[in-house]
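The values are calculated or read from the model by the stated rules, or taken from the named source; none is laboratory data. What you are looking at is a predicted structure, and each value in this text was computed from that prediction instead of being measured. Neighbour counts run over all protein chains shown; Cβ positions are idealised from the backbone, glycine included. Calculation scope for accessible area: heavy atoms of the full protein, side chains included, ligands and nucleic acids excluded. Shrake-Rupley method; radii C 1.70, N 1.55, O 1.52, S 1.80 Å.
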Amino acid sequence: MTALGANWRKGRALFVHAFASMTEYRAEIVIWMISGSLPLVMMAMWIGLAADGPVGGYGAADFAAYFLVVFLVRQLTVVWVIWELDREIRLGELSPKLLRPIDPLWGHVADNLAEKAVRLPLVLVPVVAGLWWAGARLPLTFESLAGFGLLVMGAWVIKFFQQYATGLLTFWTDQAVGLERVWFSVSMVLSGALAPLDLFPEAVRGVLPYTPFPYLVDVPVQALLGRLGGAELLQAFAVQGAWGLAFVVGSRWMWRHGIRRYGAVGA
Amino acid sequence: MRWRPRASLGDVIRVDGLRKVYRVHEKEAGLRGSIRAFVDRRYRDVVAVDDVTFGVAPGEVVGFLGPNGAGKTTTLKVLSGLLHPSGGTVRVAGFEPRRREGAFLRGITLVMGQKQQLSWDLAAVDSFLVNQAVYEIPDAVYRERLGELTEMLSLDGLLRKQVRKLSLGERMKCELAAALLHRPDVLFLDEPTIGLDVTMQQQVRRFVADYNARHGATVVLTSHYMADVTALARRILVIDHGRLVFDGDLSALVEARAPEKRLRLSLSERVDRADLAALGRVHAAEGLEIELGVPRADVARVAAAALARLPVVDVAIEDVPVEDIVADLFAQGRAARAADAVRAAHEAGAAAGGRG
């Protein structure tokens, strides 16, 4: 068996196993999906504000399109790995995973991707129906679709490895989950999940492109809405890729150092 | 008892001066304690394993005995690479466990009676398939091994049931199968029979013995149940407060620590205690059931005398239970530590007095 073939088999086995687990939790996934409907609440609010005329260039249909796609992006990039790591490290549940000759990271990746495979069809229904109802039209060119796809993957990489790195802090402190809440609050505002970033003050808009936040929501959304040109897309890929790489490298470094402190508590 | 560290070049496991120190956060009880801990965290170092040295030969079955918190499980976790040692060297099959290299992990397994690797919501066979891929087991080999494990552990009908619907014993059997699909050469078993009923305990013991005989695997196990250890291991390591206090054959321990045998007598009528004391040390005399301690060399003579002089209905000659011997060993350890503490306090007091 070649190394590539063996790795393919491992990846497939982990995915199949994770997919089987996720289908056991399908009802829970729907509930989680509904719990992520804050963008739809924001949509209703902004549509109300735009009733008397566009706000910052956004009419009612524009807000509808923006927030429906925000909802889609956030659903496709949901990660929860910090809760898993926090539990596994504190309660010693990491032990059985450490005994296998495969990095526990891949099990978490498989769980997350399998969950997305179950969630995607459930998410598309309300998004497509909402866009049709609001009369919002997406350009749907090759450029906007491919750009959107890649940027969503990049957003997932940043969110996943940022959470992974934060979760690994549990090796040193039991406050990792608290830190994650701070990150979450900041990123809700600065990623564009509550309001399009176009509507932010000039000074904030000048700084944001250098932070990871816009690449989590606003940039992928603008790509699907056809508002980013080729050069802007390339620039977005570059900055997003750099942040993704930084979180991947950071989380690997933390894993190597943190694992020495693992207490493997419990029998 | 004095013993010498047993380690030789051919050992598959070599542990030299192993030390493991945990840093634990200390907090007083109650609100005050919580506030103080919030402002000023205090830590204390706890030595879980202290200067432990031993070796295990290929194919050997070794049992770890010790009270709760003695350091048995910590040692096993260091051996399987879960914990980084604080000092000393550890080698298992030529590898340094803490590095957790792929080749090392493919050659060992650790079964923890209180932790599980099987997915709770799926059938055991679903988790087996993941192990097949992760350990790179070819299909034909996987089928053959699964067949063998199914036969040895009587797994028929269990593998396709959701794991959470299995009984504790059934789940443990599936856990064992999952842990052994890659056919490791070194097995670490941590309390493998905890919580199981007597029949299931026996099944698990028989399986481990079978596996050791069939595949020549090295087995290191810990257990609270003395029966696990006496049934499987000829050699035992007794660990207490992180230190190895005995390493040797079980029979040698029994002979050295228990120079007596127990003579049990059932009588048809009551007799004078003086008549019993003339035969040996009276351990118990409840009604007509008598238990005497008799030096090993005198057992036959004393038994004959008892039969001749007393109204004996039934007689049995037994070894002192291993539980009692080990409990005695731990009690001695505690007494020695207490004596050390008193001596140290005394010396400190004397030194302070000298200065004053």
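For residue B:121, are the conditions met, namely being in contact with a helix residue (DSSP H, G or I) (Cβ under 9 Å, 6 or more places away or on another chain), within 11 Å of another protein chain (Cβ to nearest Cβ), part of a loop (DSSP other than H, G, I, E, B) and surrounded by fewer than 18 Cβ atoms within 10 Å (Cβ to Cβ)?
yes
Specify which of the listed residues (A:263, A:250) is open to solvent by 20 Å² or more (accessible area, probe 1.4 Å), touching a residue at least 12 places away in the same chain (Cβ under 8 Å), within 11 Å of chain B (Cβ to nearest Cβ) and not charged (D, E, K, R).
None of the other options fit; the residue is A:263.
What number of residues within the range B:91-117 are more than 10 Å from every other protein chain (Cβ to nearest Cβ) and crowded, with 21+ Cβ neighbours inside 10 Å?
Residues of the range B:91-117 more than 10 Å from every other protein chain (Cβ to nearest Cβ): B:91-97, B:99.
With the extra rule that they be crowded, with 21+ Cβ neighbours inside 10 Å, the set shrinks to B:92, B:97.
The number of residues fulfilling the criteria is 2.
Only one of these conditions is not met by residue B:261: (1) open to solvent by 40 Å² or more (accessible area, probe 1.4 Å); (2) free of Cβ contacts under 8 Å to residues at least 12 places away in the same chain; (3) touching a Lys or Arg at 6+ places or on another chain (Cβ under 8 Å). Which number is it?
In the conditions (1) open to solvent by 40 Å² or more (accessible area, probe 1.4 Å); (2) free of Cβ contacts under 8 Å to residues at least 12 places away in the same chain; (3) touching a Lys or Arg at 6+ places or on another chain (Cβ under 8 Å), residue B:261 misses (2) alone.
Within the range B:159-204, count every residue that is open to solvent by 20 Å² or more (accessible area, probe 1.4 Å) and of a type in the set (Gly, Ala, Ser).
Final tally of qualifying residues: 2.
So which residues in the range B:328-339 are among the hydrophobic types (A, V, I, L, M, F, W, C) and out of contact with any Pro (no Cβ under 9 Å at 6 or more places or on another chain), if there are any at all?
B:329, B:331, B:335, B:336, B:338, B:339
Is it the case that some residue within the range A:102-118 is in a helix (DSSP H, G or I), farther than 27 Å from residue A:250 by Cβ and out of contact with any Phe, Trp or Tyr (no Cβ under 9 Å at 6 or more places or on another chain)?
No.
Which one of the conditions (1) farther than 30 Å from residue B:79 by Cβ; (2) more than 14 Å from chain B (Cβ to nearest Cβ); (3) among the aliphatic types (A, V, I, L, M) does residue A:85 fail to meet, given that it meets all the rest?
Result: residue A:85 fails condition (1) only.
Considering only residues that are within 13 Å of another protein chain (Cβ to nearest Cβ) and surrounded by fewer than 19 Cβ atoms within 10 Å (Cβ to Cβ), which ones fall in the range B:58-90?
B:68, B:69, B:84, B:86
Check the range A:16-30 and report whether any residue there is of a type in the set (A, V, I, L, M, F, W, C), free of Cβ contacts under 8 Å to residues at least 40 places away in the same chain and surrounded by 14 or more Cβ atoms within 10 Å (Cβ to Cβ).
Looking for residues that are of a type in the set (A, V, I, L, M, F, W, C), free of Cβ contacts under 8 Å to residues at least 40 places away in the same chain and surrounded by 14 or more Cβ atoms within 10 Å (Cβ to Cβ), one finds at least one in the range A:16-30, hence yes.
May I ask you to list the residues in the range B:209-226 that are open to solvent by less than 10 Å² (accessible area, probe 1.4 Å) and either in contact (Cβ under 8 Å) with a residue 60 or more places away in the chain or touching a Cys at 6+ places or on another chain (Cβ under 9 Å) (or both)? Break it down stepwise before answering.
Looking only at the range B:209-226, we keep the residues that are open to solvent by less than 10 Å² (accessible area, probe 1.4 Å), and these are B:211, B:217-223.
Those that are open to solvent by less than 10 Å² (accessible area, probe 1.4 Å) and either in contact (Cβ under 8 Å) with a residue 60 or more places away in the chain or touching a Cys at 6+ places or on another chain (Cβ under 9 Å) (or both): B:217, B:218, B:219, B:220, B:221, B:222, B:223.
What helices (runs of 4 or more DSSP H) lie completely within the range A:41-101 and have 3 or more residues being out of contact with any Pro (no Cβ under 9 Å at 6 or more places or on another chain) and surrounded by 17 or more Cβ atoms within 10 Å (Cβ to Cβ)?
A:60-76, A:81-91
Does any residue in the range B:140-151 that is in the same structural domain as residue B:215 (by TED's automatic domain parsing) come within less than 7 Å, Cβ to Cβ, of a residue that is exposed (fewer than 12 other Cβ atoms within 10 Å of the Cβ) six or more places away or on a different chain, and which pairs are these?
Listed by first residue and then by second, the contacts come to B:150/B:156.
Looking at B:126, B:156 in this structure, which one is within 13 Å of chain A (Cβ to nearest Cβ), over 30 Å from residue B:242 (Cα atoms) and open to solvent by 10 Å² or more (accessible area, probe 1.4 Å)?
B:126
For residues in the range B:35-49 being away from every other protein chain (no Cβ under 14 Å) and either at pLDDT 80 or above or in contact with an Asp or Glu (Cβ under 9 Å, 6 or more places away or on another chain) (or both), which is surrounded by the fewest Cβ atoms within 10 Å (Cβ to Cβ)?
So the residue we want is B:44.
Restricting to the range A:48-62, count the residues that are of a type in the set (A, V, I, L, M, F, W, C) and touching a residue at least 40 places away in the same chain (Cβ under 8 Å).
Filtering the range A:48-62 down to residues of a type in the set (A, V, I, L, M, F, W, C) leaves A:49-51, A:55, A:60-61.
Narrowing further to those that are touching a residue at least 40 places away in the same chain (Cβ under 8 Å): A:55, A:60-61.
Counting residues in the range A:48-62 that are of a type in the set (A, V, I, L, M, F, W, C) and touching a residue at least 40 places away in the same chain (Cβ under 8 Å) gives 3.
Does residue A:150 satisfy the condition of being of a type in the set (A, V, I, L, M, F, W, C), open to solvent by 40 Å² or more (accessible area, probe 1.4 Å) and modelled with pLDDT of 95 or more?
yes
Do the conditions hold for residue A:155, that is, is it closer than 30 Å to residue B:103 by Cβ and surrounded by 19 or more Cβ atoms within 10 Å (Cβ to Cβ)?
On the way: closer than 30 Å to residue B:103 by Cβ: no; surrounded by 19 or more Cβ atoms within 10 Å (Cβ to Cβ): yes.
In short, no.
Which of the residues that make up the range B:186-204 are among the charged types (D, E, K, R) and within 14 Å of the chain's Cα centre (by Cα)? Step through it out loud before you land on a result.
Taking the range B:186-204 first, the residues among the charged types (D, E, K, R) are B:190-191, B:197.
Of everything in the range B:186-204, those that are among the charged types (D, E, K, R) and within 14 Å of the chain's Cα centre (by Cα) turn out to be B:190, B:191.
Looking only at the range B:7-34, which residues are of a type in the set (D, E, K, R) and open to solvent by 70 Å² or more (accessible area, probe 1.4 Å)?
Initial filter on the range B:7-34 (of a type in the set (D, E, K, R)): B:11, B:14, B:16, B:19-20, B:23, B:26-28, B:32.
Passing the criteria: B:14, B:16, B:19, B:23, B:26, B:27, B:28, B:32.
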